[in-house]
Amino acid sequence: MKRIKIVNLLKNPVDSLIGTTITIKGWVRTRRDSKNVVFIAVNDGSIIHSIQVVADTSSFEEALLKEITTGCSLRVTGNLTESPAQGQPVEIQAKEIEIYGKAPSDSYPLQKKGHTLEFLREIAHLRPRTNTFGAIFRIRHAMAFAVHQYFNDHGFYYLHTPIITGSDAEGAGAMFRVSTLDAINPPLTPEGKVDYTQDFFGKETNLTVSGQLEGELGALALGEIYTFGPTFRAENSNTPRHLAEFWMIEPEMAFYDIIDNMDLAEDFLKSLVSYALKHCSDDLEFLQKMYDKELIARLEGVINNPFVRLPYTKAVEILLNSGRDFEFPVFWGADLQSEHERYLVEQHFNCPVILTDYPKEIKAFYMKQNADGKTVRAMDVLFPRIGEIIGGSQREEDYDLLVKRIHELEIPEKDVWWYLETRKFGSVPHSGFGLGFERLILFVSGMSNIRDVIPFPRTPNNAEF
Ligand code: 4AD
Ligand code: MG
């Protein structure tokens, strides 16, 4: 008999199925015994809720019933009936139960409810089977889908940029080397350095920190493109907001100036949050109940208010006048820390903030230089609880200014010659930004640690699963 997913029994109208025999398959969440019946809550991952299976002890062998424990997997065929119990529309009166895989209660690690998130990180191979991680990964899926839908609806093309890169120009962080050379006895140059001309690609290569530079090449031909792929940063920053491997969405648009770029970023974020509220309500309600009482109100707040747009220089003034004793000092030219970003968003403005026109010294070489000679047309979008969720800018399209900046920063021209050629031939004003996918999921799910919104987090000393 064909399996019916539990979402189709608990979420969608099933009147026509009531009184008929159906089959479900899934994992046992809990088992409760009363006098002549066993109540089994079964979850199949299709929805946060489990369905109640009622098994008459007289209809099943005792040996079989004994093996039905938390975590075991089974098939149940039975009669779908309206449930007398509160909070569930239907239940299943079991006629047949087949156990696929046992989960002995003396060794299965997910026995009780309420394990700490720290403990669950240590069993990342099993944590998808908890209600919490089921909810988070369904939301993650929905957000990835919404990203593609948004861009497709707006005429953007999905461009696949390389994961292995020969350029180290972005300067976004330390990189992971990709090499097939013998790590213990690498070939050496006469000067005693590793001879990468003998490596797989004939040069030094790394995992990419961003798809932007290649994304720009696409935008300068196709108009509007976006990338959505994994990016890698070997920084040793052990914080609740940094991963060594994270996913980034990077739209890049020809003929957009910084204002167009901000308008797009704001509309994009609002659209993603609306999508979550519309399509993930069960999971959001669960996470709100368990972890974050203000979650849904915060999501609605982002949709319903315009983002504040503020130059960096003004933000520094506000921080200096705040009377706050920040851990990291504030001065014009300082790279703002998460505590400063969160003060602006959560205390001062109480809504998302887009900061623009940062000092050029703390931003990447490709950002468009302002006439003041000191600042660049950067934009960072700051969110409540998260801090920076998006980083972007208008790009420098002027060949001479860009080359001058590259020389100032001592970036070898031979590494970026191909990028510079886009400014030699048919250059146009253009802009783009990068949204950290896990930071988005952190915000939408209300979780507090980025390790809990990606199935298999990569952080310093952590690549087990
Ligand atoms: O600000 P970032 O470094 O910008 C870029 O990489 C640009 N190339 C983007 C562009 O203009 N196309 O990173 C962009 C976003 C950040 O705002 C943050 O949300 C996220 O990526 N991010 C991280 N997320 C998790 N772990 C890390 N280590 C992250 N570093 C950046
Ligand atoms: Mg940034």
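Over the chain, Cα pairs under 8 Å with separation of 6+ residues give a relative contact order of 13 percent.
What would the Debye formula give as log10 I(q)/I(0) at q = 0.19, 0.21 Å⁻¹ for the alpha-carbon point model of the range 7-110, no solvent? With one equal scatterer per Cα and no solvent, log10 I(q)/I(0) is -0.93, -1.13. No solvent, one uniform scatterer per C-alpha: report log10 I(q)/I(0) for the range 215-314 via the Debye equation at q = 0.15, 0.16, 0.18, 0.20 1/Å, two decimals. Results for the range 215-314 at q = 0.15, 0.16, 0.18, 0.20 Å⁻¹ read -0.96, -1.06, -1.18, -1.21. Count the net charge of all other residues whose Cβ sits under 10 Å from the Cβ of T356, scoring Lys and Arg as +1 and Asp and Glu as -1. Neighbourhood net charge equals +1. Centre-to-centre separation between the Cα atoms of the range 1-41 and those of the range 245-316: 37 Å. For the range 1-143, what is the percent of antiparallel DSSP beta bridges, rounded to the nearest 5? So the antiparallel bridges in the range 1-143 amount to around 90 percent.
Charge dipole (Cα centre; +1 on Lys/Arg Cβ, -1 on Asp/Glu Cβ; no other charges) of the chain amounts to roughly 1700 debye. Put +1 on the Cβ of each Lys and Arg and -1 on the Cβ of each Asp and Glu in the chain; which of V403, Y226, V273 then has its Cα farthest toward the positive end of the dipole? In the chain, that residue is V273. A dipole drawn for the range 325-437 from +1 and -1 charges on Cβ atoms has a positive end, and of P384, Q369, V345 the residue lying farthest that way is Q369. All C-alpha to C-alpha distances of the chain, sorted into 10 Å bins beginning at zero, yield P(r) values of 4, 17, 24, 22, 15, 11, 6, 2, 0 percent in whole numbers. For the set M1, M175, the ranking by accessible area, highest first and with no ligand, DNA or RNA atoms included, is M1, M175 under a 1.4 Å probe. Annotation: the antiparallel percentage among DSSP beta bridges lying fully within the chain is about 85.
What does the charge count near E438 come to, summing +1 for each Lys or Arg and -1 for each Asp or Glu among other residues with Cβ under 14 Å from its Cβ?
Here the count lands on +4.
Return one whole number: the accessible area per residue of the range 230-354 in Å², for a 1.4 Å probe.
Computed with neighbouring chains in place, this is 48 Å² per residue.
What pairs in K193/K363; K25/K278; K112/K278; K360/K404; K11/K112 have C-alpha atoms more than 22 Å from each other? Listed pairs above 22 Å: K193/K363; K25/K278; K112/K278; K11/K112. A simple count of charges around E252, restricted to other residues whose Cβ falls under 9 Å of its Cβ and scoring Lys, Arg +1 and Asp, Glu -1, yields -2.
Please report the carbon-and-sulfur percent of the accessible area for the chain; probe 1.4 Å, protein heavy atoms only, DNA, RNA and ligands left out. Here it works out to 51 percent. When nucleic acids and ligands are ignored and a 1.4 Å probe is applied, D415 ends up with an accessible area of around 40 Å². For the chain, the mean residue ellipticity at 222 nm estimated from helices alone is -8500 deg cm²/dmol, where every DSSP H run of n ≥ 4 contributes -39500 (n - 2.57) and the total is divided by all residues, rounded to the nearest 500. Rolling a 1.4 Å probe over the protein chains gives C280 an accessible area of about 10 Å². Surface analysis of the range 7-110 yields an accessible area of 51 Å² per residue, using protein heavy atoms and a 1.4 Å probe. For R298, the solvent-accessible surface computed with a 1.4 Å probe is close to 50 Å², ligands and nucleic acids excluded. Subtracting the Cα-Cα distance of N305 and I123 from their residue separation scaled by 0.36 nm leaves 61.6 nm. In the range 7-110, taking the dipole from charged Cβ atoms about the Cα centre, the farthest positive-side position among P109, T70, N12 is held by P109. Evaluated with a Cβ-only charge set (Lys, Arg +1; Asp, Glu -1), the range 7-110 carries a dipole of roughly 220 debye about its Cα centre, given to the nearest 20. At a threshold of 8 angstrom on Cα-Cα distance, excluding pairs fewer than six apart, so keeping six or more, what relative contact order does the range 291-409 reach in percent? The value is 22 percent. Per the Cα gyration tensor, the range 245-284 maps to an equivalent ellipsoid with semi-axes of 26, 14, 6 Å, ordered largest to smallest. Amide H contacts of R29 (H built 1.01 Å from N, in plane; Pro and chain starts excluded): A41, V42, N43, G71 sit under 5 Å, all sequence-distant by 5 or more or on other chains.
The values are calculated or read from the model by the stated rules, or taken from the named source; none is laboratory data. What you see is a predicted model; the values in this text were computed from it and never measured. Virtual Cβ from ideal backbone geometry, glycine too; neighbours counted across all protein chains shown. Only protein heavy atoms, including side chains, enter the accessible area calculation; ligands, DNA and RNA are left aside. Shrake-Rupley method; radii C 1.70, N 1.55, O 1.52, S 1.80 Å.
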